[in-house]
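Asks: Structure provided below as structure tokens; questions to follow.
Please treat every number below as a calculation from the coordinates, not as lab data. This structure is a prediction, so every number in the text was calculated from the model and none was measured. No Cβ is skipped: glycine too gets one built from the backbone with ideal geometry, and neighbour counts run over all protein chains shown.
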Amino acid sequence: MQHPLPPLNALRAFEAAARRLSIMAAAEELHVTPGAVSRQVQMLEETLGRELFIRGHRQISLTPWGMEYYKTISKAMMDIREATARLTMHDGREELKVRAYTTFAMRWLIPRLSSFHESNTGVQVSLMASLDPVDFDKEDIHAAIRLGSGSWPNATSYRLVTNILVPVCSPKLAKSVRKPADLSKQVLLHSIARPDDWAIWLEQGAGIKTVDPHRGMTYQSSAMAYAAALEGQGFAIAQKFLVEDELACGKLATPFHQTVDMGDFTYYLLVPKSRKESKSLALFRKWLLAELA
């Protein structure tokens, strides 16, 4: 005989609480009270005969039994969500949820997505931007584009591009400097997301210590720093592949020949190891790698 299924509402409450590690957050997600989530989880524990959570002061953590159970049912719940989404799509297209950084999305991916959609009419890419670490076990996303050394737990990574750092500025401002040391009297433009790029280039590329790598103006994203450079407000340290169009048409200039190749520290496409790659994800992966080849 087959084992009976546990109460499905209890499973749903447990999955949300385990994913968020918070009864309160699970309650907000499910639009019920925290007490209702707690009762459903307790019902599931009684059904299974195992404690699933360690309950502390205002926080919870999974027991070994809870962690093992969550890993199994979270995959099943994700499969149910994806199957439901496929069946309820009104236009027949499969949704592919991809996370990326704001600058990568704005300056490279979005301008090219139309070509993917033209060639793959059955797939609709939903693009989200975030700096937060990726956890495929806890998030409803299918792939992510992240910056790192190529090794992520529970994810398969595909190297996308050579990441070269180079200073850029407006053509007019480029005439005001002759050597990297001249930057000591100029405004440096920084990104909160990449606070060490100037220090890396000054040390490894230019080999100088007379320029303060942290002085100047700071912006929320690299895209904003590049925009400020286009307006002649200072010198930005850029990832070269993201400003190639502006360099090619002369809107931006590279005042110095020194560059820094960041090696393995570059952009990767991440896909979860725990899930079978869908046809739509395979199409997106092959398209992305071909575009960046």
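Asks: By how many degrees, between 0 and 90 and to the nearest 10, does the Cα long axis of helix 279-291 differ from the longest principal axis of the chain?
Replies: Roughly 10 degrees between the two axes.
Asks: Over 20 Å between Cα atoms, which of K75/K276; K71/K273; K209/K240; K97/K276; K175/K209; K138/K273 qualify?
Replies: Working: K75/K276 11 Å; K71/K273 13 Å; K209/K240 23 Å; K97/K276 15 Å; K175/K209 22 Å; K138/K273 14 Å.
Long pairs (Cα-Cα over 20 Å): K209/K240; K175/K209.
Asks: Which shape class applies to the chain: rounded if a/c is under 1.5, otherwise prolate when a/b exceeds b/c and oblate if not, where a ≥ b ≥ c are the square roots of the Cα gyration tensor eigenvalues?
Replies: On the way: a/c = 2.96, a/b = 1.99, b/c = 1.49.
Prolate, since a/c reaches 1.5 and a/b exceeds b/c.
Asks: Separation between the S119 and V187 pseudo-spin-labels, each 7 Å from Cα along Cα→Cβ, expressed in nm?
Replies: Going from the S119 label point to the V187 one covers 4.1 nm.
Asks: Within the range 1-77, which trypsin sites (Lys or Arg not before Pro) sit in a loop by DSSP and count at most 13 neighbouring Cβ atoms inside 10 Å?
Replies: Passing both the DSSP loop test and the Cβ count: R58.
Asks: With r as the distance between the Cβ atoms of L247 and T210 and R0 = 35 Å, compute the FRET efficiency 1/(1 + (r/R0)^6) and round to 0.05.
Replies: Details: r = 27 Å, r/R0 = 0.76.
Efficiency computed from Cβ-Cβ geometry: 0.85.
Asks: While we're on this one: With θ set to phi - 60° and the Karplus curve 6.51 cos²θ - 1.76 cosθ + 1.60, what are the ³J(HN,Hα) couplings of the range 168-177 in order, to the nearest whole Hz, using x for Gly and Pro?
Replies: 9, 6, 5, x, 5, 5, 4, 6, 8, 10
Asks: In addition: Only sites in a loop by DSSP and with at most 14 other Cβ atoms within 10 Å count here; which GluC sites (Glu not before Pro) in the range 203-247 make the cut? It would help to have the intermediate numbers written out before the result.
Replies: Values: sites: E203, E231, E244, E246; in loops: E231.
The qualifying sites are E231.
Asks: Now for a different question. Just check the range 164-261 against the gyration tensor rule for me: Cα atoms, a ≥ b ≥ c as the square roots of the eigenvalues, rounded for a/c under 1.5, and otherwise prolate or oblate depending on whether a/b exceeds b/c.
Replies: Numbers: a/c = 1.30, a/b = 1.15, b/c = 1.13.
Rounded shape, in that the Cα axes give a/c under 1.5.
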